[in-house]
Structure formats: C-alpha cells, structure tokens
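A quick write-up on the structure given underneath.
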Amino acid sequence: MALRFVLLLLFVGSGCAALIYEIVWFQLLQLVIGSSVVSLGVLLGTFMGGMCLGSLLLPRLISPRHHPLRVYGALEAGIGAIGLLILWGMPFVGRVYIAWAGSGGSGLFIRGLIAAICLLPPTLLMGATLPAVARWVETTPKGVSWLGFFYGGNIAGAVVGCLSAGFYLLRVYDIAVATYVAVALNVLVAGLGLILARQMPSGASTQIAAQPGDVKAVNAAAGSWAIYVAIALSGMTALASEVIWTRILSLLFGATVYTFSLILAVFLLGLGIGSSVGAVVARELKRPRIALGLCQIGLCAAIAWTAYGISKSLPFWPINPSMATSAWYTMQLDFVLALWAILPGAILWGASFPLALASVAAPGQDPARLVGGVYAANTVGAIVGSLGASLVLVAWIGSQHAQQALIVTSLIAALLVLAWGVIDQETMSNGAQWATTGGLVAAAGLSVVLARTVPAVPGVLIAYGRYTATRSGQDQIIYQDEGMMASVAVSRMPNGVLNYHNAGKIQASSQPEDMRLQRMLGHLTTLVHPSAKRVVVIGCGAGVTAGAVSIDPVVEQETIVEIEPLVPQVVSTYFSEHNFDVVRNPKVRVRIDDGRHYVATSREKFDALTSDPLDPWVRGAAMLYTREFFEDVKAHLNPGGVVTLFVQLYESNTEAVKSEIGTFFEAFPNGMVFGNTYNGVGYDLVLFGQVEPTKIDLDMIEARLKSPEYARVAQSLSEIGFHSAVDLFSTYAGSAQDLAPWLKDALINRDRNLRLQYLAGLGSHLYQSGPIYAEMLAFRQLPQDLFVGSDDLKRAVLAGIEAAGGAGQ
C-alpha cells in the first residue's frame with residue numbers, strides 16, 4: 001500500500017512536468033510554424049496522437065519480463081532528455097522550417113513534419129508511462145482501481161504544472177527556466193522509480209510473463225467493443241466541450257494567458273476528482289458498465305448546464321469588473337465562475353476512465369494492454385473532438401449546435417454501454433427488461449429536451465465580453481458570427497457609430513479618436529517614405545488603416561495579413577464607407593495567416609509595414625511585439641523602409657507600455673513616438689521606425705497633400721483633424737533617445753519569454769492612459785534634426801509640438 005502511494009506521488013510529478021512541457025512546446029512551435037488555426041490543429045493532433053501511439057506500442061514492444069518501475073523510470077528520463085533537446089534545438093528547427101516553408105498542401109505537410117519531429121518522440125514516451133506502471137498491478141477490481149488513482153494523480157500534477165507555468169514560471173522567468181524545472185521533475189521521478197525498482201518485486205508483470213499464449217485475448221468480455229467506443233466518444237465530447245467552453249469563457253474573462261491557464265486548470269481539476277471518485281466506486285461495483293453508462297447520461301445534463309451557464313447566466317451576473325483594484329481579485333472571481341460552470345462535466349468525464357477500465361478488465365489480462373487500449377481509445381476520441389470543434393464545428397454550425405451535437409453524442413455512448421452486453425436477458429424478468437427499456441427511452445427523451453435548451457452565444461457577449469451585463473441593450477448588434485480563430489461582431493450605437501468587436505471588446509470603430517489613430521497609422525506609413533510601393537498591413541480590423549494605405553497613389557501593391565477569415569468579409573460589408581472599400585481594391589490582396597508567420601516565410605521584400613494587432617494581452621498577440629519579430633521585419637525591408645506599430649494606452653499598464661516601446665526601440669534605435677489624444681488626454685500611440693536615421697521632409701509631404709493626386713489622402717487626414725503636414729507631425733511625442741531614461745526598467749519582450757502578454761494581462765481592465773502618457777511626455781525633447789524643409793514649416797511643426805506639451809495631463 002505504501003508503495004502505491006509513492007507511485008501516486010511519482011505520477012503527480014510526471015503530470016506536472018508534462019503540462020509544463022505542453023505549454024512550453026506549444027509556445028515554441030507557434031513561434032516557428034505560426035499560431036493560425038491550422039497550425040494549432042497540427043500541434044494538438046500531433047501531441048495527442050503521440051500519446052495515443054505510446055499507450056498502444058509499449059505493451060507490444062516491451063516485454064512484461066521487464067520490471068515496470070524500471071521501464072517507467074527509463075521513460076521519464078527519456079522525456080527529460082528530449083525536453084532539453086527540443087529547447088536547445090528549436091533555433092535550428094526554425095531555420096530549417098523557414099528555408100523550406102511554403103503555402104498550400106506543401107506548407108501544411110512541412111508544418112506537420114516539423115511538429116512530428118519535435119513532439120512525437122516525447123509524447124510517445126509520455127503516453128507509455130501509465131501502461132508501463134499498469135503492469136505492477138493485477139487486473140482485479142481493486143488492482144484496476146489503482147490505475148484510476150494513478151491517472152487522477154497524473155491529472156492532479158497537471159493542474160499544478162498548468163498553474164505553475166501560466167502564473168509563475170513563464171510570467172517571472174522564461175521557457176528555458178520552465179523547461180529546466182520540468183526536466184528536474186523528470187529526473188527526480190526517474191531516479192525514485194529506479195530506486196524503488198531495485199527494492200520491490202515486479203508485481204503483476206511476473207505472472208503475466210509466465211502465462212503461455214497470447215495474453216491479450218485472455219477472458220475477453222462480451223461486448224467490450226461497446227466500452228471502447230463509448231470511452232472514445234467520451235473523450236471526443238470532453239475535448240470538444242473544452243474547446244468550445246474555453247472559447248466562450250475567454251470572451252467573458254478576457255483572452256489572456258491567465259484565463260486559458262485558469263480554465264485548463266479547472267477542467268483538469270474536475271478530471272482528477274472524477275478519476276479518483278470513479279476509482280473508488282469501481283472497486284465495489286459488480287457491473288461498472290452501468291455506472292459508466294450513467295456517467296454518459298449525466299454528461300448530457302452537465303453539457304446543457306454549462307452551455308446555459310456560460311451563455312445565459314454568468315455573462316449577466318451584476319458584476320462591474322472596472323471596480324476591481326487588482327487583476328488578481330478578478331482572477332479569483334473567474335476561478336469561482338469557471339468552477340461553477342465547468343466542474344460537473346469534468347468530474348463525470350474523469351470518472352468515465354476508471355469505470356471503463358473496470359468494465360473491460362478480466363483476470364489474467366496484461367494490465368499494460370488493458371490500460372493502453374482504453375487510454376488510446378479515449379485519446380483518439382479526444383483528438384477527433386478537439387480538432388473537429390476547433391477546425392470544423394464552431395465555424396460550420398456554431399457553438400450552440402455543436403454543444404447540442406455533443407449532448408446527442410453522450411447519449412449515444414450511454415445507450416451503447418447500457419443496451420449492449422450489460423443486460424443479461426436470460427436472468428432478467430420481463431418486468432425488469434421493460435423497466436430498463438423504459439428507463440433508456442426516458443433518458444433519451446430527456447437528453448433531447450436538454451439539447452433543445454442549449455442557447456446561442458449572445459451577440460452582446462461576443463461584443464462586450466466581461467462588460468456584457470453593463471452594456472446589454474445599449475447598442476444594436478447588427479452582425480455576429482463565430483469564425484475559426486475568433487468570434488466577431490459589429491454593433492451600431494444610438495449616435496450611428498459603428499464598432500468592430502473581437503476578443504470580447506471593441507477593437508476598432510468609427511469614433512473620432514479611433515478613426516484618427518487608424519488613419520494616422522496608415523498615412524504615417526506611406527507619407528514619410530519617398531516611394532512606398534509595396535506595403536504590408538498586419539491585422540485587418542475595420543480596415544481603416546489598410547484603407548488609408550490603399551489610397552496613397554504611390555502604393556502599387558498592398559498585402560493585408562489577417563488571421564481570422566471572417567474579418568475581411570465583415571469589413572467589406574459594414575465599414576467600406578470608412579475604409580475606402582479597401583478589401584475590393586484591385587491593388588490589395590488578403591492573406592489569411594498570422595502576421596509573424598507570413599513575414600517569416602515571405603520571400604518578398606517590402607517598402608513599409610504597419611502592424612495593428614489585437615491587444616497585447618490577448619494570448620498570442622505578444623508574438624507580434626518581440627525583438628526577434630522586429631528583427632525579422634527589418635530583414636524584409638527595402639532600403640529606407642518604414643515600420644509603424646499601434647500601441648494602446650487604455651486597458652493597459654505602465655509596465656506593458658514600457659515593454660512595447662522599449663522592445664521596439666531596441667530593434668529600431670532611431671525610432672520615435674507619435675501620440676493620439678482624446679479630450680486632451682493620452683489615448684494611444686503610433687511607433688515609427690526605420691533602419692536608417694529618419695529625416696521627415698516637410699516640403700515633400702506638404703506638396704503631396706496639396707497635389708490633385710493626393711486629394712483623397714488630404715481629405716482623409718482632414719476628416720480626422722489634420723489639415724496639413726504641420727498638424728500631423730505636431731503629434732510627435734518623443735524619440736528613443738528622449739525616452740531612454742523612462743524606459744531604463746522596461747522588460748524587453750523576447751521569443752523566449754513573451755513577457756508582454758503576462759504584463760499586459762495584469763492591466764487588461766485598467767484605464768490609466770492619461771497618467772501613462774503624461775509620464776512619458778515629461779521626457780520628450782523638441783526634435784532639432786528630425787525635420788527638413790523650409791524654415792517656416794519647421795518652426796510651425798516645433799511650435800505645434802511644444803503647444804501639445806500638456807496633452808498628456
């Protein structure tokens with residue numbers, strides 16, 4: 001008994017290491033192959049596929065004669081060694097991928113190949129750990145129940161690993177430190193396993209090895225196939241539900257790295273509780289199949305409960321998030337809300353695994369084959385569920401109908417288990433048979449009723465996320481849809497202003513302050529450059545920035561890179577009046593990809609690039625603000641090339657803003673800042689950078705704006721309050737040299753830490769734009785050598801800059 005508790009602790013350690021690896025590896029590989037839905041699908045499918053293969057292959061490749069704890073120790077040591085290889089070898093993998101990456105089918109094949117090379121070796125070993133230790137127990141009800149405890153312990157460790165990586169290791173340190181922690185856990189677990197192997201007998205594996213014949217066929221229970229199908233369907237509904245619920249809850253909580261870690265931790269916690277409870281129950285049950293079937297019926301109600309809670313209940317709780325004085329208080333609330341919504345279903349899915357083991361177990365079986373078969377079936381279902389939900393179901397039929405389909409799938413799993421091989425027709429009376437049949441029919445009817453209660457995701461939740469309760473009924477939602485990567489909406493305010501919503505908040509609008517920023521971003525990109533013929537715009541949004549670029553007569557080719565396919569469609573329909581119908585402009589092409597991946601794999605060079613990504617606290621967005629990305633952009637610029645970048649001051653904090661600006665200035669030491677104010681208070685910024693020292697030719701720009709060819713550009717600027725080049729450049733807010741003292745404590749955002757997303761996540765609901773801008777502006781100096789042209793224009797610009805000195809107050 002004491003040894004089994006020690007083994008349980010070892011599984012806690014290995015589960016913790018596994019989740020740290022999963023988070024780190026996904027972050028590393030997304031930097032290489034991109035974070036589009038296709039790339040994420042490749043990564044997830046490869047990771048889970050490797051674990052499935054490992055669980056199937058171990059009992060077929062490793063003889064039962066080997067001590068199970070020695071095999072387990074060797075597997076853990078191998079995982080740690082490969083973890084180090086992936087960390088150290090990723091730069092080489094990245095260079096190989098960039099050299100060979102393409103588009104279409106060849107690009108997808110190379111992404112899959114890279115994911116397989118990096119993820120299959122360690123995940124094969126991870127998937128083999130539970131079958132390896134399974135040979136230490138016997139395939140009796142009590143023995144099999146310990147497998148449920150081991151599985152639960154592994155999940156408990158995964159909860160610890162998820163929270164440790166998401167809230168501490170990657171926030172405070174980087175992927176290298178997180179990897180070393182995981183490797184240390186592997187080494188500790190491997191060492192203890194090998195020590196125990198020298199002191200303890202090999203357990204059930206010695207009896208298995210002594211049996212003649214094919215052990216996998218010993219006492220095969222009739223109807224076992226139904227159990228394997230049911231546990232596969234259970235895995236499918238579990239992972240599909242997790243994908244859908246995470247997506248909806250990320251609208252409500254905010255799509256930060258903390259939100260994703262928190263939701264995953266709650267889901268894993270439920271699985272661990274359920275697995276432990278199921279293991280206890282399985283020890284005493286004569287017919288565990290019935291309990292397994294009842295779990296699937298219970299899941300019909302649990303899925304309906306969560307669907308109603310996250311779409312109709314939780315978003316409308318009377319909570320004002322702006323009242324929180326700390327992001328940590330908000331996260332505590334989110335944790336409770338996630339428990340309330342997710343835990344019932346997660347517990348039932350967790351209980352299904354040990355009950356399925358007990359349902360197919362029979363004396364004399366190889367425990368490794370038993371566990372490997374059930375685990376593989378569950379994992380195959382999980383792969384289908386996760387990929388199906390993320391790549392197909394949500395974008396095809398929507399979250400509402402997808403959850404309805406999952407309820408029906410759980411019902412099918414329940415009927416399979418309860419109606420096939422469970423009821424002994426020869427020993428049951430006619431009355432019992434009729435009662436059982438009636439119960440199944442009633443359960444089916446109830447499940448159908450529950451499926452019909454699943455609500456659609458309300459448009460106001462897609463639009464305003466955490467502020468749903470306070471904004472409900474104020475604006476008209478004129479468009480909403482769920483895409484492959486994000487849910488988007490368009491709303492119209494009573495005064496006619498249009499808002500484009502993504503990630504549960506307004507990302508762009510026709511408000512004057514937003515229009516000024518978006519057009520500033522586009523026009524600064526092309527006006528300063530003497531001949532910006534080829535321009536890349538990262539992030540379509542409302543298309544206003546891209547539209548400002550498109551109307552510059554010098555621009556010959558504009559490429560809009562957008563990760564969500566719905567966005568260009570929405571923009572072309574609702575915002576064409578404000579974006580000059582940019583999507584239909586013949587010199588504009590749209591590429592569906594994430595901006596970082598597009599730039600890295602592009603064989604072209606361009607004259608200018610402007611980036612207007614989602615908020616930096618949105619998970620993955622920080623990849624577009626790293627030093628390495630900016631260096632890659634520089635490598636793709638033609639001589640004299642221009643880079644501009646949007647930086648928000650609202651819904652942020654000083655540390656995040658400093659990280660964005662400081663990182664940009666490390667790559668572009670000649671860079672500068674232009675400010676956009678609202679009612680005299682700092683609102684957001686445009687960062688401007690060139691490799692060469694910047695010289696802004698005021699005469700050239702003023703002449704352009706007065707020429708007939710630039711009439712649309714001049715009109716565009718006039719609509720946002722800039723009637724001349726003097727007005728536009730009076731927004732100057734400082735250079736890299738000016739702001740160096742202010743940025744001395746800035747945390748540089750690099751690929752190895754993505755520090756920005758953790759900093760920004762703590763300020764996602766703060767409104768400190770005025771104080772941040774005022775603090776920054778205090779360091780600004782009047783630029784003496786930046787502008788060239790007539791003395792009158794130079795004096796006018798400097799006077800305008802000086803007059804705007806109090807705009808940050």
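Across segment 560-575, what is the total count of residues that are surrounded by fewer than 17 Cβ atoms within 10 Å (Cβ to Cβ) and at pLDDT 95 or above?
Matching residues across segment 560-575 total 0.
Return a yes/no flag: does segment 597-611 have any residue that is among the β-branched types (V, I, T), buried (at least 21 other Cβ atoms within 10 Å of the Cβ) and in a helix (DSSP H, G or I).
yes
Please find, among F668, F688, F646, F664, the residue that is free of Cβ contacts under 8 Å to residues at least 40 places away in the same chain and in contact with a strand residue (DSSP E or B) (Cβ under 9 Å, 6 or more places away or on another chain). If you could, list the steps in order and put the result at the bottom.
On the way: F668 fails: free of Cβ contacts under 8 Å to residues at least 40 places away in the same chain; F688 fails: free of Cβ contacts under 8 Å to residues at least 40 places away in the same chain; F646 fails: free of Cβ contacts under 8 Å to residues at least 40 places away in the same chain.
The conditions single out F664.
Checking the structure you have, find out if any residue of segment 523-539 is over 14 Å from V642 (Cβ atoms) and open to solvent by 10 Å² or more (accessible area, probe 1.4 Å).
yes
Show the residue pairs meeting these rules: Cβ distance below 9 Å; 6+ apart or different chains; first residue within segment 309-330 and part of a loop (DSSP other than H, G, I, E, B); second residue β-branched (V, I, T).
P318/T470; I319/T470; N320/T470; A324/T330
Taking G662 as the residue in question, decide whether it is in a strand (DSSP E or B) and not hydrophobic (A, V, I, L, M, F, W, C).
It is false that G662 is in a strand (DSSP E or B) and not hydrophobic (A, V, I, L, M, F, W, C).
Could you go through segment 60-72 and let me know if any residue there is out of contact with any helix residue (DSSP H, G or I) (no Cβ under 8 Å at 6 or more places or on another chain), basic (K, R) and either farther than 30 Å from P367 by Cβ or at pLDDT 90 or above (or both).
No, every residue in segment 60-72 fails to be out of contact with any helix residue (DSSP H, G or I) (no Cβ under 8 Å at 6 or more places or on another chain), basic (K, R) and either farther than 30 Å from P367 by Cβ or at pLDDT 90 or above (or both).
With the condition kept exactly as written, say whether any residue in segment 670-682 is at pLDDT below 95 and at positive phi.
yes
Mind counting the residues in segment 728-751 that are of a type in the set (D, E, K, R) and in contact with a Ser or Thr (Cβ under 9 Å, 6 or more places away or on another chain)?
2
In this structure, does F47 turn out to be over 26 Å from A184 (Cβ atoms) and either of a type outside the set (D, E, K, R) or modelled with pLDDT under 90 (or both)?
Considered against the rule, which asks whether it is over 26 Å from A184 (Cβ atoms) and either of a type outside the set (D, E, K, R) or modelled with pLDDT under 90 (or both), F47 comes out as no.
Just checking, how many residues over segment 575-591 are over 16 Å from R712 (Cβ atoms) and either out of contact with any strand residue (DSSP E or B) (no Cβ under 9 Å at 6 or more places or on another chain) or part of a loop (DSSP other than H, G, I, E, B) (or both)?
From segment 575-591, those over 16 Å from R712 (Cβ atoms) are 575, 583, 589-591; that's our starting set.
With the extra rule that they be either out of contact with any strand residue (DSSP E or B) (no Cβ under 9 Å at 6 or more places or on another chain) or part of a loop (DSSP other than H, G, I, E, B) (or both), the set shrinks to 575.
Residues that pass the stated criteria total 1.
Any residue at all in segment 362-383 that's within 30 Å of H765 (Cβ to Cβ) and open to solvent by less than 10 Å² (accessible area, probe 1.4 Å)?
No, every residue in segment 362-383 fails to be within 30 Å of H765 (Cβ to Cβ) and open to solvent by less than 10 Å² (accessible area, probe 1.4 Å).
If you check G350, G364, G373, G388, which single one turns out to be more than 30 Å from W305 (Cα to Cα) and either part of a helix (DSSP H, G or I) or modelled with pLDDT of 90 or more (or both)?
Residue meeting the stated conditions: G373.
Would you call T654 open to solvent by less than 10 Å² (accessible area, probe 1.4 Å), out of contact with any Lys or Arg (no Cβ under 7 Å at 6 or more places or on another chain) and over 22 Å from R752 (Cβ atoms)? Reasoning before the result, please.
Details: open to solvent by less than 10 Å² (accessible area, probe 1.4 Å): no; out of contact with any Lys or Arg (no Cβ under 7 Å at 6 or more places or on another chain): yes; over 22 Å from R752 (Cβ atoms): yes.
Here the answer is no, as T654 does not meet what is asked.
Of the residues that make up segment 102-118, is at least one out of contact with any strand residue (DSSP E or B) (no Cβ under 7 Å at 6 or more places or on another chain), of a type in the set (D, E, K, R), surrounded by 23 or more Cβ atoms within 10 Å (Cβ to Cβ) and over 18 Å from R752 (Cα atoms)?
Going residue by residue through segment 102-118, those that are out of contact with any strand residue (DSSP E or B) (no Cβ under 7 Å at 6 or more places or on another chain) are 102-118.
Of the ones still in play, those that are also of a type in the set (D, E, K, R) are 111.
Now drop any that are not surrounded by 23 or more Cβ atoms within 10 Å (Cβ to Cβ), which leaves 111.
Next, only the ones that are over 18 Å from R752 (Cα atoms) stay: 111.
Within segment 102-118, one or more residues are out of contact with any strand residue (DSSP E or B) (no Cβ under 7 Å at 6 or more places or on another chain), of a type in the set (D, E, K, R), surrounded by 23 or more Cβ atoms within 10 Å (Cβ to Cβ) and over 18 Å from R752 (Cα atoms).
Exactly one of (1) in contact with a Gly (Cβ under 6 Å, 6 or more places away or on another chain); (2) under 22 Å from F149 (Cα atoms); (3) crowded, with 23+ Cβ neighbours inside 10 Å is unmet by L343. Its number?
Of the numbered conditions (1) in contact with a Gly (Cβ under 6 Å, 6 or more places away or on another chain); (2) under 22 Å from F149 (Cα atoms); (3) crowded, with 23+ Cβ neighbours inside 10 Å, the odd one out for L343 is (3).
Checking F606 against (1) within 30 Å of P693 (Cβ to Cβ); (2) under 19 Å from the mean Cα position of the chain (by Cα), which test does it fail?
(2)
The values are calculated or read from the model by the stated rules, or taken from the named source; none is laboratory data. For clarity, every value in this text was computed on a predicted model and none was experimentally measured. For neighbour counting, all protein chains shown are included, and Cβ atoms are generated from backbone atoms with ideal geometry for every residue, glycine included. The protein model used for the area step is the full one, side chains on, heavy atoms only, and it has no ligands, DNA or RNA in it. Shrake-Rupley method; radii C 1.70, N 1.55, O 1.52, S 1.80 Å.
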